[in-house]
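Below is one structure; the comments refer to it alone.
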Ligand SMILES: *Cc1c(COP(=O)(O)O)cnc(C)c1O
């Protein structure tokens, strides 16, 4: 009765015929890099997200890099971000020679704490006169948007750019000045990842940058092809950040289903919420179910549950127990970025970001996908209940 953390095969079966036909057409065309399919995807996704421009690129990580390159981030610059994220967020800043400056998260959403961010910017920019801080890189973790209004105000106050890492939040919505907006339209530019396990996943690596800023998109269009405007003429230093046509074709087919898949995820999340409450695990404080802070605010995709992440008492022992019982789970992420070996030179230490460190020791992601059966959800919750009862 084994079932996986994420069942991509179930999704594949529902669209297999169309995928094979369309991919076969791309094979027949023998046009593999950029081209009409990528352009069509860019148009469809910019319309879907509500941004003027979209640029298909090679991965979410590369989308971060090309965005920061377009913003001319480099040596001597600092970018503020969360230490509780996938590595690529901080890695992109550091790979360009800039310095990642970390700011702790809020415990309920796991997203960057805008109050702490305000304090950090006040201390660094106003008090210390730090002129190196150029931008803010918020991450919409697990599929729930960062509280972007305060971020926008801080960016205006200190003249900083805002780059949204929406790799886990394609389609997620936020109420900005009573207007419903999707992730990637809440700052200067935003990135998506189409890594296969993301909510909109390709059949390989792919990513996208979205923006309303024409200067930035013009620049990125060059950067994507080694900085070349004309064949073999290089205006600026770029790289190979291109998306391929097969990925674009796959993503165009999947995009049509994305809204219904997100609703499916939300339904599974509701079922988990209810099962945990019924089991009494929330009440006695052993489990905290994820808080959807924008629920009932009149937005449909208030959380798109890329992951359904609980906090659990004795998390590591619980995970071992679940593994023995054949119940899958995962830890996103076991170590915050400020404690990673490769960032030792930044001279952060344990205790610097207590909420991120606490989250790293408590979070547990449970299986969630539209095709997940209620029986398996019950099995997940029963197993967790048994663990605490057996102790
Ligand atoms: C997946 C992910 C990325 C990187 O995307 P890739 O397509 O895997 O390169 C960046 N940031 C976050 C938060 C992610 O989850």
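The values are calculated or read from the model by the stated rules, or taken from the named source; none is laboratory data. Not measured: the values here are computed from a predicted model. For neighbour counting, all protein chains shown are included, and Cβ atoms are generated from backbone atoms with ideal geometry for every residue, glycine included.
Every test in (1) in a loop (DSSP other than H, G, I, E, B); (2) closer than 27 Å to residue 200 by Cβ; (3) touching a strand residue (DSSP E or B) at 6+ places or on another chain (Cβ under 6 Å) is passed by residue 309 save one, and that test is (1).
Here's the yes/no breakdown for (1) more than 12 Å from the ligand (Cβ to nearest atom); (2) within 18 Å of residue 187 (Cβ to Cβ); (3) free of Cβ contacts under 8 Å to residues at least 12 places away in the same chain:
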site: 84; (1), (2), (3): no, no, no
site: 107; (1), (2), (3): yes, no, no
site: 116; (1), (2), (3): yes, no, no
site: 128; (1), (2), (3): yes, no, yes
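Using the structure shown, decide if residue 120 is in contact (Cβ under 8 Å) with a residue 60 or more places away in the chain, in contact with a strand residue (DSSP E or B) (Cβ under 9 Å, 6 or more places away or on another chain) and part of a helix (DSSP H, G or I). Considered against the rule, which asks whether it is in contact (Cβ under 8 Å) with a residue 60 or more places away in the chain, in contact with a strand residue (DSSP E or B) (Cβ under 9 Å, 6 or more places away or on another chain) and part of a helix (DSSP H, G or I), residue 120 comes out as no.
Of all residues in the stretch 156-167, those that are away from the ligand (no atom under 15 Å from the Cβ) have Cβ atoms under 8 Å from Cβ atoms of residues that are assigned to a loop (DSSP other than H, G, I, E, B), 6 or more apart or on another chain, in 161/71; 161/187; 161/188; 162/138; 162/186; 162/187; 162/188.
For the stretch 261-300, give me each residue that is part of a loop (DSSP other than H, G, I, E, B) and touching a strand residue (DSSP E or B) at 6+ places or on another chain (Cβ under 9 Å). 279, 281, 282, 286, 289, 290, 294, 297, 298, 299, 300, listed by residue number.
When the stretch 99-117 is filtered for residues that are more than 22 Å from residue 76 (Cα to Cα) and assigned to a helix (DSSP H, G or I), the ones remaining, listed by number, are 114, 115, 116. Taking the stretch 283-324 as the range and being modelled with pLDDT under 95 and over 23 Å from the mean Cα position of the chain (by Cα) as the test, the residues that pass are 283, 284, 285.
Working carefully through the options 206, 183, find the one that is within 11 Å of residue 58 (Cα to Cα) and either buried (at least 24 other Cβ atoms within 10 Å of the Cβ) or not assigned by TED's automatic domain parsing to the domain that holds residue 56 (or both).
On the way: 183 fails: within 11 Å of residue 58 (Cα to Cα).
Answer to the check: 206.
Scanning the stretch 272-282 for residues that are under 23 Å from the mean Cα position of the chain (by Cα) and touching a residue at least 60 places away in the same chain (Cβ under 8 Å) gives a single hit, 272. In the condition set (1) surrounded by 20 or more Cβ atoms within 10 Å (Cβ to Cβ); (2) more than 19 Å from the chain's Cα centre (by Cα); (3) within 16 Å of the ligand (Cβ to nearest atom), residue 340 is compliant with all but (1). Screening 258, 223 for residues that are within 30 Å of residue 10 (Cβ to Cβ) and in contact with a helix residue (DSSP H, G or I) (Cβ under 9 Å, 6 or more places away or on another chain) leaves exactly one candidate, 258.
The residues in the stretch 60-80 that are crowded, with 24+ Cβ neighbours inside 10 Å and either near the ligand (Cβ under 9 Å from one of its atoms) or under 16 Å from the mean Cα position of the chain (by Cα) (or both) can be counted, and the count is 6. Filtered by the rule that a residue be more than 16 Å from the ligand (Cβ to nearest atom) and not in a helix (DSSP H, G or I), the stretch 136-149 gives a lone residue, 147. Checking every residue in the stretch 233-251 against the condition of being under 26 Å from residue 148 (Cβ atoms), out of contact with any strand residue (DSSP E or B) (no Cβ under 6 Å at 6 or more places or on another chain) and in contact (Cβ under 8 Å) with a residue 12 or more places away in the chain gives at least one match. The residues listed here are 358, 325; of these, the one that is closer than 25 Å to residue 111 by Cβ and surrounded by fewer than 18 Cβ atoms within 10 Å (Cβ to Cβ) is 358.
Residues are listed down the side, and each one gets a yes or a no for (1) surrounded by fewer than 16 Cβ atoms within 10 Å (Cβ to Cβ); (2) touching a helix residue (DSSP H, G or I) at 6+ places or on another chain (Cβ under 9 Å):
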| residue | (1), (2) |
| --- | --- |
| 372 | no, yes |
| 375 | yes, no |
| 381 | no, yes |
| 390 | yes, yes |
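Go through the stretch 151-182 residue by residue and tally those that are over 16 Å from residue 295 (Cα atoms) and either touching a helix residue (DSSP H, G or I) at 6+ places or on another chain (Cβ under 6 Å) or not in a strand (DSSP E or B) (or both). Step through it out loud before you land on a result.
Looking only at the stretch 151-182, we keep the residues that are over 16 Å from residue 295 (Cα atoms), and these are 151-168, 170, 177.
Those still in the list that are either touching a helix residue (DSSP H, G or I) at 6+ places or on another chain (Cβ under 6 Å) or not in a strand (DSSP E or B) (or both) too: 151-160, 162-163, 165-168, 170, 177.
Result for the stretch 151-182: 18.
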